[in-house]
Each structure stands twice: as structure tokens, then as C-alpha cells.
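Take a look at the structure set out below.
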């Protein structure tokens, strides 16, 4: 894989690449680490020499991890079923619950990012007009999300929305009685053998369910292996099998090549079905069930319109050809 990666690098197809980890059949098959400028959210970390123990921003890959935690909490009957009314879970907003245009909102609409509310995250993340940034600047992030203007019926159209993930994080914290990072450690990271992680928080100290998680690429690959194994790790069930199936069921089109499940992207690459978690800058966790393959890519192309090119090139021009699977 090293030679193919070098060729892709010379062709300018993997700019900004920080790390690649490839696991197949439970075995670490190959890994690569580079050097480059990096950030933790908006804070520059300078030039970083990446390695197996270096934590990396996952950005919106965090959303997919939050979906796993929701499934764990659901299995413990601590959070509402996806079919439950969403505003019923937020009794502090009776005025919103009384709005007939919002009455049909369910937890599933948050899981599928199909709330039918006005939300824009196609703007730079240093702009206060970006939905996620505006949410963090609001005095009450949950009211901010839920009171956004209604632009269509819920469940009909996918629209990228970090606010939807914030609502899920609140349901997890309320239902479990633990802050998100503590529940994540107890129910997911520690059982997977993860020794270090950081979950960045907003100014109020609440960990961001949408973009705050920092893990090593190896540990992110463990999460992929867990999904690949249907929620079982080292003989222990961590996530209900039914949730893994529900989470990875295609439900809505994203408008590009992927469909969307419960906070996971689903598409076919080179004839192989994939389930992916994706984050700003080129962060990827890609699970290919028919190949028993997990591929992790981290990169530093934050806010670059072409950030998708690097992880796509790693998978399609390096990993799959090296395994003679392209």
C-alpha cells in the first residue's frame, strides 16, 4: 500500500493526509502516519508529527459515535424510541410543543436529519451564520434548534444539521443521568480498550455530540470493527444488534452519492457496500462488511471544498487496489 500511496501523493491526490489505518478480519493490516498542520476545532496545533498515540479531531465523525451511544442507551431503555414525539422530550418548551407545524417531529427525524427546519451548515464554521456556530452562540442551544422556522414536513428531506445531533446528546445525558463523555467512556470507549480520548465542549462545558470527539485512528478503527461485528467486541455485546441494523438502514438520499441512515452514510464503492462516518477536513471511518474491512483516514483539509478527495483516493486508489479488491 505504501507504493500506491506514494504514487497518489505524487499525483496530488492525497493532500493534507495525516494518517491511514486499515484493519481486516480483526487484524491491523497497514497503517501510515504523516506530518502536517492541524487544529483542534479552531485552535491551531501547529505542525504535528502524527503517530499511533496521537489524538486527532474527528469533527462530524462524532455524530456517528453519538448515534452508537444512543443505541446503547436505547437498549438500556434510558432514551425514547425513535418513533416517540421529539418535543415531548423537551417539556421546558411548551410553546413549541403546542405548534401544530412541529407536532409531527419525532426522535427519528433527529436521527435522520430530516427535521424540516431551517438550518444551514454549508457556510464556513467561523461564520456566526453557520447553524452549528449560531447554536453554540445562542443562550439556549436546544431551543435554538427546535424553534428554527419550519421549511417543510419532517421526514421528507435530508438536510445536514448538527443541531439534530445536539438534541440526541441531550436525550442521552438526560436519560442516563451522565454527561455524554462519561457515558461514552463507561459504555463504549473503556470496553473497547480505548486508553485515551478527549471530547471537546462548548463554552458552557457541555461536550459537543456533533463534532467534539478526539481519538487516535487505531481507536476509531475499533469502533468500525464493533459496527462490523454487529455490536459485539471480544465476545461482549456493547450495542444491540437490532440497533446496528436500524442505524445502517438507508432511509433518505443525501442528494449526492450516499444515502443516510441514523447518522451514518451508506453507499456503494467499487461494487462494495460501505457504511461511513464522515467529518470536516477529510476524516473518515469506512466499514466494508462484505470485505470484513475497516479503513480510517484522518486529514487536515478543514473547510476545503475538495476535502472529500483525499479519503476517496486513499480507499479507491490505495487500499482496495492493494488488496486486489478494486
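The values are calculated or read from the model by the stated rules, or taken from the named source; none is laboratory data. This is a predicted model, so every value here is computed, not measured. Positions of Cβ are backbone-derived with ideal geometry, glycine not excepted, and every protein chain shown enters the neighbour counts.
Criterion first (out of contact with any strand residue (DSSP E or B) (no Cβ under 9 Å at 6 or more places or on another chain), in contact (Cβ under 8 Å) with a residue 40 or more places away in the chain and not assigned by TED's automatic domain parsing to the domain that holds residue 55) does residue 157 satisfy it? Criteria not met by residue 157. Filtering the stretch 262-279 to residues that are surrounded by fewer than 21 Cβ atoms within 10 Å (Cβ to Cβ), on the phi < 0 side of the Ramachandran plot and in contact (Cβ under 8 Å) with a residue 24 or more places away in the chain leaves 269, 272.
Somewhere in the stretch 240-257, is a residue closer than 17 Å to residue 66 by Cα, part of a loop (DSSP other than H, G, I, E, B) and touching a helix residue (DSSP H, G or I) at 6+ places or on another chain (Cβ under 7 Å)? Scanning the stretch 240-257 turns up at least one residue that is closer than 17 Å to residue 66 by Cα, part of a loop (DSSP other than H, G, I, E, B) and touching a helix residue (DSSP H, G or I) at 6+ places or on another chain (Cβ under 7 Å).
Can residue 11 be described as surrounded by fewer than 18 Cβ atoms within 10 Å (Cβ to Cβ) and either closer than 19 Å to residue 307 by Cα or within 19 Å of the chain's Cα centre (by Cα) (or both)? Spelling it out, residue 11 is indeed surrounded by fewer than 18 Cβ atoms within 10 Å (Cβ to Cβ) and either closer than 19 Å to residue 307 by Cα or within 19 Å of the chain's Cα centre (by Cα) (or both).
For (1) within 26 Å of residue 146 (Cβ to Cβ); (2) without any contact (Cβ under 8 Å) to a residue 12 or more places away in the chain; (3) surrounded by 14 or more Cβ atoms within 10 Å (Cβ to Cβ), each residue gets a yes or a no:
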site	(1), (2), (3)
25	no, no, no
33	no, no, yes
57	no, no, yes
72	yes, no, yes
85	yes, no, yes
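Within the stretch 127-149, one or more residues are farther than 18 Å from residue 253 by Cα and touching a strand residue (DSSP E or B) at 6+ places or on another chain (Cβ under 6 Å).
Taken over the stretch 180-207, the residue count meeting the criterion of being in contact with a helix residue (DSSP H, G or I) (Cβ under 6 Å, 6 or more places away or on another chain), modelled with pLDDT of 95 or more and not in a helix (DSSP H, G or I) is 5. Here residue 145 clears all of (1) within 18 Å of the chain's Cα centre (by Cα); (2) without any contact (Cβ under 8 Å) to a residue 40 or more places away in the chain; (3) buried (at least 21 other Cβ atoms within 10 Å of the Cβ) except the condition numbered (1). Mind checking whether some residue in the stretch 123-138 is closer than 29 Å to residue 242 by Cβ, surrounded by fewer than 19 Cβ atoms within 10 Å (Cβ to Cβ), under 22 Å from the mean Cα position of the chain (by Cα) and outside the structural domain of residue 233 (by TED's automatic domain parsing)? For the stretch 123-138, residues closer than 29 Å to residue 242 by Cβ, surrounded by fewer than 19 Cβ atoms within 10 Å (Cβ to Cβ), under 22 Å from the mean Cα position of the chain (by Cα) and outside the structural domain of residue 233 (by TED's automatic domain parsing): absent.
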